[in-house]
Amino acid sequence: MRLVWFRNDLRLSDNPALRHGCASDEPVAALFIISPTQWRQHKMAPIRQRFILAQVDALGRELAALGIQLHLLRVETFAEVPAALTDLCRELGVSQLYANQAIELDEQRRDHAVTAALAEQEVGCHWLNGCCVLPPGRVLTGGREMFKVFTPFSRAWLKALDEDGFVIHRAPAPRGEPLPWQPLAERAFVDAALGETTPDPRWPVGEAEALRRLHAFLEQGVLDYGETRDFPALAGTSVLSPYLAAGIVSPRQCVAALQQRLGGRPQSKAQPGFVWLNELIWREFYRHLLVLIPTLSMNRPFKPETAALPWSWDPDAFAAWCEGRTGYPIVDAAMRCLNATGWMHNRLRMIVASFLTKDLHIHWRLGEDYFMSRLIDGDLAANNGGWQWAAGTGADAAPYFRVFNPTTQGQRFDPQGDFIRTWVSELADLPATYVHQPHDWLRLKGRQDYPAPMVDHAVARVRAIEMFRDLEKT
Ligand SMILES: Cc1cc2nc3c(=O)[nH]c(=O)nc-3n(C[C@H](O)[C@H](O)[C@H](O)COP(=O)(O)OP(=O)(O)OC[C@H]3O[C@@H](n4cnc5c(N)ncnc54)[C@H](O)[C@@H]3O)c2cc1C
């Protein structure tokens, strides 16, 4: 018997582990492990848990239709996984285990422990690359090191892609009679472990849904992406991140579909589709970094010297940011959108991350954790990369003297204030002229329902620059 262990790769098609697991006539079983305490320790958002479990349910049904039984195991933490897997392998008579490589440190340590435990039972483990287009370690500098800056990484990545090419694996053919599948909703242990598990209707699951979104975006959105991607009031991006983070669609499927749509790989920024491909390369950059620089998984800054920055941990200021009560309309709209939907536009992630770290001088780790606890697409590599970029502590980070001005960012990227009016009800009736700086208007109308700016951006900006300058002096 062969066992395919699903993790962040909840799909049948283009799944190297499933493909290799099904490459012989031996019987195949599948596995997903629920680890509620570990998920909580990793700050996994409840909305993301529900999304993942709904997809596991869909996957289990599809696997059953192919004659493959998906087993569900529940353990509290990763530490219990090797023993639980050993027992399951013994019970099912498993001789080979197949899984796609994890990139996070805790997950990698778990997988090493699994390899060692199963080796004692003579079960072979096969770890494949299913989460990146090119496997971490493939794209290195001439000195065989990981790139620390994005642009040369991106150039080398494109060259490697052209050299290696890639194949898209089809979903496996049926391996026997369809099997019954008991829906997760009927399994008491899932609810008992996680509390609320009803899927959020705003985020439908399923590979077909992910591919529908991909192809809908590629029809026109990708051609306009260079112009529209920074405007949160427009549907200018793919919103595929929850599906990529859970592995419902693979990054290779995205690149292959892009190439098919454009009749080849876009070669330069001037060509349609290149800017979107570049965002997929940012995803790869952060994933490769996470694997090659393990300290990133340990709450440490990429630039070690920035560990000495005197960040604030002010709980009241942090709470105002989390709840969207900063008095800066674009920041508040973005945070309220995140809290309500579990998703935030990339431009807004940059604005609110800059505000927390450079205007409130609060440690990026608090922001990183809060995002993780709310995002449906929470992903350690992209989230840590994004936060460290904004805080000025990361790889290819924004230079410390370039501090986003939250008011002009709002004026530039939400010029009519449509996004702000959608999410900040206190400002819903404000004309575009005042919506980014509403306080004079509100005062004239005698209204006190929207908070005053919690900091003066000009003063806060100087303080942020000083923090970094002082660091250089030491
Ligand atoms: C502070 C901060 C935190 C972030 N946290 C996360 C996170 O937890 N999970 C996450 O998936 N992305 C994160 N991002 C990256 C980015 O904001 C989201 O991937 C993007 O907004 C998702 O929207 P989309 O699917 O419409 O992206 P599109 O613009 O359509 O891009 C396609 C895909 O490329 C990838 N991508 C795009 N931009 C980036 C980027 N800057 N870095 C890495 N990958 C990227 C995503 O997988 C995305 O789905 C973060 C960015 C910042 C600045």
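Per the Kirkwood definition applied to all pairs of different Cα atoms, how many angstroms is the hydrodynamic radius of the chain?
Averaging 1/r across every pair of different Cα atoms and inverting gives 23.8 Å.
When the listed pairs 148/269; 43/303; 43/358; 43/473; 148/358 are checked against a 30 Å cut-off, the alpha-carbon distance exceeds it for 43/473. Relative to the longest principal axis of the Cα atoms of the chain, the long axis of helix 329-341 makes an angle of roughly 30 degrees.
For the peptides 280-292, 339-351, 437-449, residues were scored by their other Cβ atoms within 10 Å and the scores averaged per peptide; the highest-first order is 280-292, 339-351, 437-449.
Give the accessible surface of region 304-473 per residue, rounded to a whole number of Å², with probe radius 1.4 Å and ligands, DNA and RNA excluded.
Working: 7000 Å² over 170 residues.
Result: 41 Å² per residue.
Rolling a 1.4 Å probe over the protein heavy atoms of region 304-473, with every protein chain left in place, gives an accessible area that is 53 percent carbon and sulfur.
Taking 37 °C and 0.692 mPa s as conditions, region 304-473 diffuses translationally at an estimated 202 µm²/s according to Stokes-Einstein applied to its Kirkwood radius (Cα pairs).
Accessible surface computed residue by residue for region 89-216, with neighbouring protein chains in place and a 1.4 Å probe, gives 54 Å² per residue. Residues whose amide H falls under 5 Å from that of residue 169, counting only those 5 or more places apart or on a different chain, are 14, 15, with hydrogens built in the peptide plane. P(r) for region 2-131: what percent of alpha-carbon pairs falls in each 10 Å bin, starting at zero? It works out to 12, 46, 36, 5, 0, in whole percents.
How high is the FRET efficiency from residue 418 to residue 316, r the C-beta distance, R0 35 Å, rounded to 0.05?
On the way: r = 31 Å, r/R0 = 0.87.
That gives a FRET efficiency of 0.70.
In the chain, the DSSP-assigned H stretches of four residues or longer account for a calculated mean residue ellipticity at 222 nm of -14500 deg cm²/dmol, using -39500 (n - 2.57) per stretch and the full residue count as denominator. Measuring between their Cα centroids, region 1-79 and region 116-177 lie 19 Å from each other. When only Cα pairs below 8 angstrom with a gap of at least 6 residues are kept, the chain shows a relative contact order of 17 percent.
Computed from Cα atoms, the angle from the helix 274-292 axis to the main principal axis of the chain rounds to 70 degrees.
Averaging 1/r over each pair of different alpha-carbon atoms in region 312-409 and inverting the result gives 13.1 Å, the Kirkwood hydrodynamic radius.
The values are calculated or read from the model by the stated rules, or taken from the named source; none is laboratory data. Keep in mind that this is a model prediction, so the values were computed, not measured. Methodologically, a virtual Cβ is constructed for each residue, glycine included, from the backbone with ideal geometry; neighbour enumeration extends over all protein chains shown. SASA here: full protein model, heavy atoms, side chains in, ligands and nucleic acids out. Shrake-Rupley method; radii C 1.70, N 1.55, O 1.52, S 1.80 Å.
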